[in-house]
Number of protein chains: 2
Amino acid sequence: MTAQRRGLGTNQEAVRRHNLGTVLRHVHGARQISRAQLTALMALNRSTIADLVLELESLGVVEQTVPTGVRSGAGRPSAGVRLAEVGPYVVAVDLGVDRAVVARVALGGDVVERATAPIPSGGGEAWQVGSTVAGLIRRVVEGAPAAAPLLGVGISVPGLVRRSDGLVRLAPNLEWRDVSFGSIVLAALGVDVPVQLANDADLGALAEHRRGAGLGIDDLIYISGNVGVGAGVITGGVRLEGAGGYAGEVGHLPFAPEGRLCHCGNVGCWETEVGAHAIAAAIGCPESDVVTLGDVLDEYAGPQRALGATGKALGYGLASIVNAFNPRLVVLGGYLSSLYALVRHEVDDALAERALPAPHESVTLSLPGLGSDSVLLGAAEIALEPLFADPVAALGTALVDVGARLAG
Amino acid sequence: MTAQRRGLGTNQEAVRRHNLGTVLRHVHGARQISRAQLTALMALNRSTIADLVLELESLGVVEQTVPTGVRSGAGRPSAGVRLAEVGPYVVAVDLGVDRAVVARVALGGDVVERATAPIPSGGGEAWQVGSTVAGLIRRVVEGAPAAAPLLGVGISVPGLVRRSDGLVRLAPNLEWRDVSFGSIVLAALGVDVPVQLANDADLGALAEHRRGAGLGIDDLIYISGNVGVGAGVITGGVRLEGAGGYAGEVGHLPFAPEGRLCHCGNVGCWETEVGAHAIAAAIGCPESDVVTLGDVLDEYAGPQRALGATGKALGYGLASIVNAFNPRLVVLGGYLSSLYALVRHEVDDALAERALPAPHESVTLSLPGLGSDSVLLGAAEIALEPLFADPVAALGTALVDVGARLAG
DNA sequence: GCCTTTCGTTCACCCGCACAACAAATCCCG
DNA sequence: CGGGATTTGTTGTGCGGGTGAACGAAAGGC
């Protein structure tokens, strides 16, 4: 495996922080890894790795195990490093247009507990949704060991989220505009923990990159089909955010100048062809089921022909995306995964027809490796991010004995 | 000014390399900077900066000056750091569709010498162009001091360049396909120096970011109008390359499904509306002048109306780009800068009409800050890049006494 | 059963940056 | 005009953190 020497620092404190975080990132990614593997991955000395692991162990984040049974080749077996039994965790929130999913996610990415509640159609007032979410958070946090620190909350929002402060600029399907949803949830909870908000497609991309279909692929795009259509872009291994954090709004790329009116005010946006409302209309699905279009499509048994044009439109739009971003992988999430399963042929053909040969030859379309949990796990990942940037600092500010605090 | 602590390293050798490179990058950017400013910019200790500068001085890259006359406030004046009189340099090549421009560019970004030669229409065989370019390189290198080291050659190509090895996959207006132009030039030169190739739009973006209209702006796009239309994207301060290096091919975004046939085989690409051929047709400019469309437009005195639709098409296309990438700045390069000067109003209006409010409110359109030299200077920048990554290593492999070697 | 291989552990070492103390150069104010 | 305040250069010391060598431990292979 190739040495990982990405980026550089300015002084040796920063080096230590980074290396500590990188070790933890590897353990988080692999769940179980040997110290020998870590030395190879990080191109550091054996003794350095030993010391780093020791420090993480004393922080209560990882545990060392006796050499695992799985052996390969000669030599003394290497000590294993795994996540601590009672380790830090985060709360992940996936805000959909019809329901909120909240999960307690351990370092390592396992969903330990999960709770769901419906959201009234049209979203409802943000403070109502906020108190619903706060209730769900209380529920999933309840069972956590008192000693386990809560690192933060990650929230996925189906809309435009400003990078600088997490303000929800616009969430069309919730009918929100300039809502500070993070503060609302915190106020309803009555505690102060770090909260990260981001767009659902961005988080889907993040999760698929870290743990899903995009493992090891540094240039990928996750297209979220969630009433509206958006893209999360990872390029060179990092999230493409853009100046304000709004990059990837591909739903409003022009598609059919003579087409339908889009809610954004323009005519013929891509979303008017491959958005949930358009597809529902094509297959005669009632308006009320649009929010669960994925399930509808999974059980769709109507004529293939009804979706042919949609598949073609999907492929043409993907061609634009492939030309613009040159990804190695495009993951079709949300209801688009169900759609793709039905009309894969049309999509592939349309993509091949419109994409330039050079970017097309290296791109693959795929379904999410994490199923419908991509976005939720992505929300967990952003909440974990500070831990990897600086484990000592993140654990220092983490909240312990959370159950009692939230009950009181 | 905010401290610059971007990225982190893995060990202290890397820290040293990075800090050395960062100091040099700052001197390169400012040409003249005080050690006190460097300590503030890099958040390092005075003594550390002094040591770093000393090392760069002993490498022959920078010189320390007595405190400059420009004073501000009390206190002992700080020693200046400037580029060495006889310092390292690079050769930049801007390959256009009708001419090649070659320049000797010193560290600091000054064009010391420049030479130009026409390229036969249709490009001609790559080896012919290669030997033309090699001849120009000999010419600009001739006058360089024998002691000055040549760090490398940067070449801008109007087409798709594979990131991994610099292969020119496709350059439609040169009629090239899978040409290893770097090796061709090196063979014609008869020496072995590091050669970097990249797409012209990418290099325009790089140069405008480092020294032009995009100084200090970390999310910008340079749109190159150079017969075809392409975009170079910088996001988060780094070049967006994509999996193969082909990201930013916006010329073939779908625009008018019922429109003209594009050379890429599709119908209604954006390029068929705002490409040089389309504009030439709109203003009745003869085919033979298409390659110098910028000059034609600068002297255009015909009816404004002829370009109105083009301006609108430009604005609509930019809206897609703004939605997709969310840049803070869009620089219109090549003939697009001449076009924008003529139809600014139409472009701005069309952009405002189609772009989403959130990304639109923070974006600005502008002309290149470096005039027609953006791409050339971008080619110089990629050639300099290894120097900033590791000054010691780059200078170790640099070529000295180049004039004699190339003559022989 | 011995050799080889691989890894953990320990310790001395080196490198690079921080910090403190002092000197130098300039501004400011009386 | 002269002394304090301010800012920076210079020098020497100290510390943190990764390296590397030496040795022991735990496996596989013949």
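The values are calculated or read from the model by the stated rules, or taken from the named source; none is laboratory data. Predicted, not measured: the structure shown is a model, and the values here were computed from it. In this analysis, Cβ positions are derived from the backbone assuming ideal geometry, glycine residues included, and neighbour counts consider all displayed protein chains. Areas reflect the complete protein model, heavy atoms only, side chains present, ligands, DNA and RNA absent. Shrake-Rupley method; radii C 1.70, N 1.55, O 1.52, S 1.80 Å.
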Exercise. Would it be correct to say that residue B:58 is among the polar types (S, T, N, Q) and within 28 Å of residue B:395 (Cα to Cα)?
Worked result: yes
For this session: For residue A:93, state whether it is away from DNA strand C (no atom under 12 Å from the Cβ), among the β-branched types (Val, Ile, Thr), under 30 Å from the mean Cα position of the chain (by Cα) and not assigned by TED's automatic domain parsing to the domain that holds residue A:335.
Result: yes
For this session: Give the residue that is farthest from DNA strand C (Cβ to nearest atom), with candidates limited to residues of the range A:33-50 that are under 24 Å from residue A:85 (Cα atoms) and open to solvent by 60 Å² or more (accessible area, probe 1.4 Å).
Result: A:37
Exercise. If you go through the range A:201-216 one residue at a time, do you hit one that is out of contact with any Asp or Glu (no Cβ under 8 Å at 6 or more places or on another chain) and at the interface with chain B (Cβ under 9 Å from one of its Cβ atoms)?
Worked result: no
For this session: Quick one: residue A:351 ticks every box in (1) within 11 Å of chain B (Cβ to nearest Cβ); (2) buried (at least 20 other Cβ atoms within 10 Å of the Cβ) except a single one, so which number is it?
Result: (1)
For this session: Scan the range A:263-277 residue by residue and report those that are buried (at least 19 other Cβ atoms within 10 Å of the Cβ), among the hydrophobic types (A, V, I, L, M, F, W, C) and more than 24 Å from residue A:327 (Cβ to Cβ).
Result: A:264
Problem set entry | Candidates A:55, A:85, A:63 - the one that is under 28 Å from residue A:105 (Cα atoms), more than 8 Å from DNA strand D (Cβ to nearest atom), open to solvent by 50 Å² or more (accessible area, probe 1.4 Å) and part of a helix (DSSP H, G or I) | A:55
Exercise. Looking at A:386, A:359, which is the one that is in contact with a Pro (Cβ under 9 Å, 6 or more places away or on another chain), in a helix (DSSP H, G or I) and either outside the structural domain of residue A:144 (by TED's automatic domain parsing) or within 30 Å of residue B:171 (Cβ to Cβ) (or both)?
Worked result: A:359
Problem set entry | Of the criteria (1) buried (at least 22 other Cβ atoms within 10 Å of the Cβ); (2) within 16 Å of DNA strand C (Cβ to nearest atom); (3) at pLDDT 95 or above, which one residue B:9 fails | (3)
Exercise. Name the strands (runs of 3 or more DSSP E) wholly within the range A:157-274 that hold at least 2 residues that are touching a residue at least 60 places away in the same chain (Cβ under 8 Å) and either more than 29 Å from residue A:133 (Cα to Cα) or not basic (Lys, Arg) (or both)?
Worked result: A:195-199, A:220-226, A:228-235
Exercise. If residue A:379 passes every condition in (1) part of a helix (DSSP H, G or I); (2) open to solvent by 40 Å² or more (accessible area, probe 1.4 Å) but one, which one does it miss?
Worked result: (2)
Seminar exercise, completed: Exactly one of A:76, A:104, A:99 is more than 14 Å from chain B (Cβ to nearest Cβ), away from DNA strand C (no atom under 13 Å from the Cβ) and open to solvent by 60 Å² or more (accessible area, probe 1.4 Å), and that residue is A:99
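Kindly establish whether residue A:195 is open to solvent by 30 Å² or more (accessible area, probe 1.4 Å) and in contact with a strand residue (DSSP E or B) (Cβ under 8 Å, 6 or more places away or on another chain).
So residue A:195 fits the description; yes.
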Problem set entry | From the options B:282, B:301, B:306, residue that is more than 13 Å from chain A (Cβ to nearest Cβ), open to solvent by 10 Å² or more (accessible area, probe 1.4 Å) and either within 30 Å of residue A:230 (Cα to Cα) or outside any helix (DSSP H, G or I) (or both) | B:301
Exercise. What pairs come up if the first residue lies in the range B:48-62 and is on the phi > 0 side of the Ramachandran plot, the second is assigned to a helix (DSSP H, G or I), and their beta carbons are under 9 Å apart, counting only those six or more places apart or on different chains?
Worked result: B:60/B:395
For this session: May I ask you to list pairs of residues, at least six apart or on different chains, whose Cβ atoms are under 7 Å apart, with the first in the range A:317-329 being at the interface with another protein chain (Cβ under 8 Å from one of its Cβ atoms) and the second being assigned to a loop (DSSP other than H, G, I, E, B) and surrounded by fewer than 24 Cβ atoms within 10 Å (Cβ to Cβ)?
Result: A:323/A:356; A:326/B:243; A:326/B:244; A:327/B:243; A:328/A:217; A:328/A:362; A:328/B:243
For this session: Sort out which residues of the range B:252-279 are at the interface with chain A (Cβ under 8 Å from one of its Cβ atoms) and closer than 25 Å to residue B:162 by Cα, and write them in order of number.
Result: B:252, B:253, B:254, B:264, B:266
Exercise. Quick one: in the range A:125-142, which of the residues that are in contact (Cβ under 8 Å) with a residue 24 or more places away in the chain and closer than 24 Å to residue A:227 by Cα is surrounded by the most Cβ atoms within 10 Å (Cβ to Cβ)?
Worked result: A:133
Exercise. In the range B:390-398, is there at least one residue being closer than 25 Å to residue A:240 by Cβ, of a type in the set (Gly, Ala, Ser), part of a helix (DSSP H, G or I) and touching a Lys or Arg at 6+ places or on another chain (Cβ under 9 Å)?
Worked result: no
For this session: Test residue B:70 against the stated conditions and say whether it is out of contact with any strand residue (DSSP E or B) (no Cβ under 8 Å at 6 or more places or on another chain) and modelled with pLDDT under 95.
Result: yes
Exercise. Can you name every residue in the range B:239-251 that is open to solvent by 20 Å² or more (accessible area, probe 1.4 Å) and facing chain A (nearest Cβ under 7 Å)?
Worked result: B:241, B:249
Exercise. For the subset of the range B:12-32 comprising residues that are of a type in the set (A, V, I, L, M, F, W, C) and open to solvent by less than 10 Å² (accessible area, probe 1.4 Å), which member is farthest from residue B:388 (Cα to Cα)?
Worked result: B:14
Problem set entry | Members of the range B:24-47 found to be within 13 Å of DNA strand D (Cβ to nearest atom), touching a residue at least 40 places away in the same chain (Cβ under 8 Å) and in a helix (DSSP H, G or I), listed by number | B:35, B:36, B:37, B:38, B:41
